[in-house]
Amino acid sequence: MTEPACALGCWPRLMRAEQAAAYAGERSVEAFRRAIPTLYPEPVRVSGKGDRWLREDLDLAIDRLSGRTSSLKDASDVL
């Protein structure tokens, strides 16, 4: 089943492989899975649901790929 294109900001926090591949801009789920764990993170295994990827983990991986790593990790780094 083909999913409609998603506008910026409507991505779920926990994504199936198809969604994660689209979010990362990969041509296919197979290409996305081949890039694990070198480019993209390992999935979270959800009992009864299968593999899922956290949007935040994908964002971190994409930031590393683009060289946009931040020294700021969380609010405690500011305090």
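FYI, it's all coordinate maths here, none of it is from the lab. Since the model is a prediction, treat every value here as computed from it, not as a measurement.
3J(HN,Hα) along region 41-49, derived from phi through the Karplus expression 6.51 cos²θ - 1.76 cosθ + 1.60 where θ = phi - 60°, amounts to x, 5, x, 8, 8, 9, 4, x, 10 Hz, with x in place of Gly and Pro.
For region 14-65, the Kirkwood radius over C-alpha pairs fed into Stokes-Einstein at 10 °C and 1.306 mPa s yields D = 147 µm² per second.
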